[in-house]
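Asks: Here's a structure for you.
Rule-based calculations on the coordinates, nothing more; no lab input. Here the structure is a predicted model, which is why all the values come from computation and not from measurement. Methodologically, a virtual Cβ is constructed for each residue, glycine included, from the backbone with ideal geometry; neighbour enumeration extends over all protein chains shown.
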2 protein chains.
Amino acid sequence: MDNFEYVVPTRVIFGHQTELKVGEIIKGYGYKKILIHYGQGSIKKDGLLDKIVQSLKTNNIEYIELGGVHPNPDIELVRTAIKLCHTEHIDMILAVGGGSVIDSAKLTAAGFYYDGDPFDISLHKYVPKKVLPVGVLLTISAAGSETSTSCVITNEKTKTKMGYNHPLNRPLFAIMDPELTFTVSPYQTACGIVDIMMHTLERYFNESKEPELADALSEGLLRAVMEAGTKVMKHPNDYDARACLMMAGSLSHNGLTNLGKMGRMPVHQLEHVVSGLYTEVAHGAGLSVLFPAWAFYYAALDIAKFDKFAKNVMNIHLEKPSDNAKMGIIRLKEYFHSLGMPLTFSELGIKNPDIEWMVNKLTEGGTRVVDHHIKPLDAEVAKAIYTSVL
Amino acid sequence: MDNFEYVVPTRVIFGHQTELKVGEIIKGYGYKKILIHYGQGSIKKDGLLDKIVQSLKTNNIEYIELGGVHPNPDIELVRTAIKLCHTEHIDMILAVGGGSVIDSAKLTAAGFYYDGDPFDISLHKYVPKKVLPVGVLLTISAAGSETSTSCVITNEKTKTKMGYNHPLNRPLFAIMDPELTFTVSPYQTACGIVDIMMHTLERYFNESKEPELADALSEGLLRAVMEAGTKVMKHPNDYDARACLMMAGSLSHNGLTNLGKMGRMPVHQLEHVVSGLYTEVAHGAGLSVLFPAWAFYYAALDIAKFDKFAKNVMNIHLEKPSDNAKMGIIRLKEYFHSLGMPLTFSELGIKNPDIEWMVNKLTEGGTRVVDHHIKPLDAEVAKAIYTSVL
């Protein structure tokens, strides 16, 4: 087991109607004027924004609003948000939404205390020392950004989607009411299920052997998410199943499932290039296409671990480990398909993917190799993986 | 799933030689003078105290020492410690040891800001509003007190062992080097394994149905701990297995395994009465005797859940659920026995247990019923359970 530090200071307030406490919670911390940051405006239509505003007013908290965050959030809106926070003397940001809104809020919070361009932080050119506090009111179970250290922002002009991790990225609190996710569309729900699974799956396959505890927790989480996922696709208003996905989304990406091991994310990197170029691609859908392709490539190099996955997660027990390893991935693909998720670029709506551009972007012109414990993910491997799902 | 709040702000610093960083870590928080609190002096013999002192001196941190904490820690030493913290102007307590030392430090930290007798806090007569910061350097994997909200202290004069939970009880940081547990005796190691399992087992059996996520994480944790437990009993210096037990000890009692459900601890309450009266009884050993007895009593009332446990944790698949439920408990007893743990009062070294006294103490003269979801644990049930393991 590797040495590590682990702390998740984010206060999770979970359950039925917890969103009504938002004003009281913020007042408890003593903040005076907040930015409500959100996405495409669904929170206006479904009345959530009204409830938030009511709770803020009751608790004498001033606020301004900035919506418009879209999937694969753009750096341009972050720049606007930072200026607004300065001119309006904001002392806290409330992100109302899913991973895109939260990540936009996180980079705004970090950029607030940096004089340069905030994308420098994404590009690892500047390491934040201080951030504005970010609170979350979660409406989509997927990214796990509500308790994670990660933040992924896209520069649309340069078609660059970049993630950076920092302990200061963990939000101050996260309010999670599973009922708010009842109205998430089947497609977005499915994308979320894939994303949640992927955060643990990528960590699971980082190492072929120990640590057993992280593996056992991962296997349990994956089985619970798959079961809840199937339930939710049939019954969108199944509270307990929605609650399982919501909490699993946080646990899957907060470091719990890679305690004592590296948290490498090779498939996320393969995917970020795709949805950086084709910005209409949902992250979860991209992962659904790329993970099985990645897994088939690497399973041949680590049969024991993929066999273990097949047994302990997919409940498949073929005699020959190499067969079992492959069958585990096949069943996983079938599961993704059962959720309505794509398995090829074509099903993703990309007819002629520019693989050369993607390989070049991922490997920075062939100079960069994505970290991986079995075999480096270089240009040749990336090309093989992308090509296998045309 | 029940509504809940969940946050574990304790910073875990885990791994090889992390104890050498203790001075640097404390300096990082800005504390100037600390109390080093410890147990029976093994840290002097094995050189750990010297390493700590060296690290403190290097970082210009003043310290005083107070050892002498024994298993089932007594309130009298807590009173002494509080006085010492005041006269010596201590601004942080470093607990070096396991659950007993940590709990003694926790009540000292809470009692520091209370004018009355600290045992009032254990008796729920006073709720702390402020505590001294407590840092932990863990040397035994068992109680999980290093990241938990719980604190259990005994009043030897009144033979009262009382636990209380409070968010302020979570330590500021916990340094965990699995190597420090290599020298823990086989008996104490086994007691720890039982204690770790029990913190999750008690939570697991709180509810017969949902939430599935908590159950799946619990099942994974239990399997990993059992496997690591067997390894450690054979090879005390197996780093990865010791690391598994150490991290699982924290996760098992920090609330993770009962997310979205009650965290009732009926068997702990049965046991506290036993080790309150017979203070030579190790907590884990007492639990080893009492959990299977409790389980046999309640399995008949909740066959589905005990059948699930047998399948998913003990890997037993008898056709008839009621048979499977029982066989799961039998195999668990066999596992405890394989660790050298007792299964009866007699094996625990208590020839003629004063069951009447214990039942009376647990139920406060028959007026109190221990909370339980299936059937209340009243005097009659308690007597039946205690009597079944004579």
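Asks: Since chains A and B are linked by a rotation, which residue in A has the beta carbon closest to its axis, and how far is it in Å?
Replies: A:220, 2
Asks: Please give the FRET efficiency for residue B:84 paired with residue B:322, using the beta carbon to beta carbon distance and R0 = 60 Å, rounded to the nearest 0.05.
Replies: Efficiency at R0 = 60 Å is approximately 0.60.
Asks: Separate question: Between the label point of residue A:40 and that of the same position in each other copy, find the distances and list them shortest first in nm, with every label point placed 7 Å from Cα along the Cα-to-C-beta direction.
Replies: Distances between equivalent label points, in nm: 6.6.
Asks: If you don't mind, there's one more thing I want to ask. Say the dipole of chain B comes from +1 at the beta carbon of Lys and Arg and -1 at that of Asp and Glu; which of B:15, B:184, B:124 then lies farthest toward its positive end?
Replies: With unit charges placed on the Cβ atoms, the residue in question is B:15.
Asks: Here is a further query. Go through B:255, A:257, A:387 and say which Cα lies farthest out towards the positive end of the charge dipole of the protein assembly as shown; charges sit on Cβ, +1 for Lys and Arg, -1 for Asp and Glu.
Replies: B:255
Asks: Give a quick list of chymotrypsin sites (Phe, Trp or Tyr not before Pro) in segment A:111-159 that DSSP marks as loop, anything other than H, G, I, E or B, with at most 14 other Cβ atoms within 10 Å.
Replies: When the chymotrypsin sites (Phe, Trp or Tyr not before Pro) of segment A:111-159 are filtered for loop state and at most 14 Cβ neighbours within 10 Å, A:113 remain.
Asks: Right, here's the next one. Give me the dipole magnitude in Debye, nearest 20, for chain B about the Cα centre, with unit charges on the beta carbon: positive for Lys and Arg, negative for Asp and Glu.
Replies: The dipole of chain B has a size of about 280 debye.
Asks: Next up: Provide B:374, A:193, A:61 in ascending order of the number of other Cβ atoms located within 10 Å of each residue's Cβ, fewest first.
Replies: Taking fewest neighbouring Cβ atoms as first place, the list is B:374, A:61, A:193.
Asks: What's the longest uninterrupted piece of chain A once you rule out the GluC sites (Glu not before Pro) that are loop residues per DSSP with at most 12 other Cβ within 10 Å?
Replies: So the longest stretch without any such site is A:1-279.
Asks: How much length is gained if the chain between residue A:42 and residue A:168 is pulled fully straight, taking 0.36 nm per residue apart and subtracting their Cα-Cα distance, in nm to one decimal?
Replies: This chain segment gains 42.5 nm when fully extended.
Asks: Determine the relative contact order of segment B:288-347: mean sequence separation of Cα pairs under 8 Å and six or more apart, normalised by residue count, in whole percent.
Replies: 39
Asks: Kindly state, as a whole number, the per residue volume in cubic angstrom of the convex hull around the alpha carbon atoms of segment B:328-368.
Replies: Looking at segment B:328-368, the number lands at 89 Å³ per residue.
Asks: If you fit an axis through the alpha-carbon atoms of helix A:99-111 and take the longest principal axis of the Cα set of chain A, what angle between them do you get, 0 to 90°, nearest 10?
Replies: It is inclined by approximately 60 degrees.
Asks: Let me ask something additional. When the C-alpha atoms of segment B:48-168 are aligned to their principal axes, what extent does each axis show, in angstrom, from largest down?
Replies: 42, 31, 27
Asks: Further question: For labels at residue B:368 and residue A:352 in the simple 7 Å Cα→Cβ model, what's the distance in nm?
Replies: Distance between label points: 7.8 nm.
Asks: Also: Relative to the first principal axis of the alpha-carbon coordinates of chain A, what is the inclination of helix A:186-204, with its axis defined by its Cα atoms, in degrees from 0 to 90 and to the nearest 10?
Replies: 70
Asks: Hey, what does the equivalent ellipsoid look like for the protein assembly as shown, semi-axes from the Cα gyration tensor as sqrt of 5 times each eigenvalue, largest first, whole Å?
Replies: The equivalent ellipsoid of the protein assembly as shown has semi-axes of 44, 31, 26 Å.
Asks: So how strong a dipole does the protein assembly as shown carry about its Cα centre when Lys and Arg Cβ are +1 and Asp and Glu Cβ are -1, to the nearest 20 debye?
Replies: Result for the protein assembly as shown is approximately 440 debye, rounded to the nearest 20.
Asks: If you take the beta carbon distance between residue A:62 and residue A:130 as r and set R0 to 22 Å, what does 1/(1 + (r/R0)^6) give as a FRET efficiency, to the nearest 0.05?
Replies: 0.50
Asks: So what is the diffusion coefficient of segment A:90-155 in µm² per second by Stokes-Einstein at 25 °C and 0.890 mPa s, using a Kirkwood Rh over Cα pairs?
Replies: Answer, rounded: 204 µm²/s.
Asks: On to the next question. Taking amide H positions as placed 1.01 Å from N in the peptide plane, with prolines and chain starts having none, which residues 5 or more places from residue A:161, or on another chain, fall under 5 Å of its amide H?
Replies: For residue A:161, the qualifying residues are A:155.
Asks: Roughly what % of DSSP beta bridges within the protein assembly as shown run antiparallel, to the nearest 5?
Replies: The answer is about 30 percent antiparallel.
Asks: Kindly provide the trypsin sites (Lys or Arg not before Pro) of segment A:322-362 that DSSP labels as loop, not H, G, I, E or B, and whose Cβ sees at most 11 other Cβ atoms within 10 Å.
Replies: A:351
Asks: Just to check I understand the Karplus step: with θ = phi - 60° and J = 6.51 cos²θ - 1.76 cosθ + 1.60, what whole-Hz values come out for segment A:345-358, glycine and proline as x?
Replies: 4, 4, 5, 7, x, 10, 6, 10, x, 8, 4, 4, 4, 5
Asks: Along the Cα-to-Cβ line of residue A:113, 7 Å from the Cα, sits a label point; which residues in segment A:121-144 have backbone N less than 12 Å from it?
Replies: A:127-134
Asks: Then there's this: Take chain B, connect every pair of alpha-carbon atoms lying under 10 Å apart with a spring to form a Gaussian network, then pick out the residue of B:171, B:73, B:321 with the largest mean-square fluctuation.
Replies: So, out of B:171, B:73, B:321, the one fluctuating most is B:321.
Asks: Taking the Cβ of residue A:48 as the center, what net charge do the other residues with Cβ under 13 Å away carry, scoring Lys and Arg +1 and Asp and Glu -1?
Replies: Spelling it out: positives minus negatives among the neighbours equals -3.
Asks: Taking the 0 to 90 degree range and rounding to the nearest ten, how far is the long axis of helix B:321-338 tilted relative to the main principal axis of chain B, both from C-alpha atoms?
Replies: 40
Asks: Can you compute the charge dipole magnitude of segment B:11-180 about its Cα centre, using +1 on each Lys and Arg Cβ and -1 on each Asp and Glu Cβ, nothing else charged? Give it in debye, rounded to the nearest 20.
Replies: Once rounded to the nearest 20, the dipole reads 300 debye.
Asks: Give A:130/A:375; A:234/B:326; A:320/B:326; A:83/A:157; A:106/A:383; A:231/B:308 a once-over and call out the pairs whose C-alpha atoms are over 28 Å from each other.
Replies: A:130/A:375; A:234/B:326; A:320/B:326; A:106/A:383
Asks: Further question on the same structure: Mind checking which of A:113, A:137, A:61 is farthest towards the positive end of segment A:11-180's charge dipole, using Cβ charges of +1 (Lys, Arg) and -1 (Asp, Glu) about the Cα centre?
Replies: Farthest towards the positive pole: A:113.
Asks: Another question about this same structure. What number comes out for the charge environment of residue B:233, summing +1 per Lys or Arg and -1 per Asp or Glu over other residues with Cβ under 12 Å away?
Replies: Charge balance near residue B:233 sits at +1.
Asks: Can I ask one more? Which loop-located trypsin sites (Lys or Arg not before Pro) does segment A:77-173 contain, where loop means any DSSP state but H, G, I, E or B and the Cβ has at most 16 other Cβ atoms within 10 Å?
Replies: Within segment A:77-173, the qualifying trypsin sites (Lys or Arg not before Pro) (loop, at most 16 other Cβ atoms within 10 Å) are A:125, A:129, A:130, A:157, A:159.
Asks: Would you mind pulling out the separation of the Cα centroids of segment A:57-82 and segment B:145-211, in Å?
Replies: Between the Cα centres of segment A:57-82 and segment B:145-211 lies a distance of 43 Å.
Asks: Contact order normalised by length for segment B:11-180, with contacts defined as Cα pairs under 8 Å and 6 or more residues apart; what percent is it?
Replies: 27
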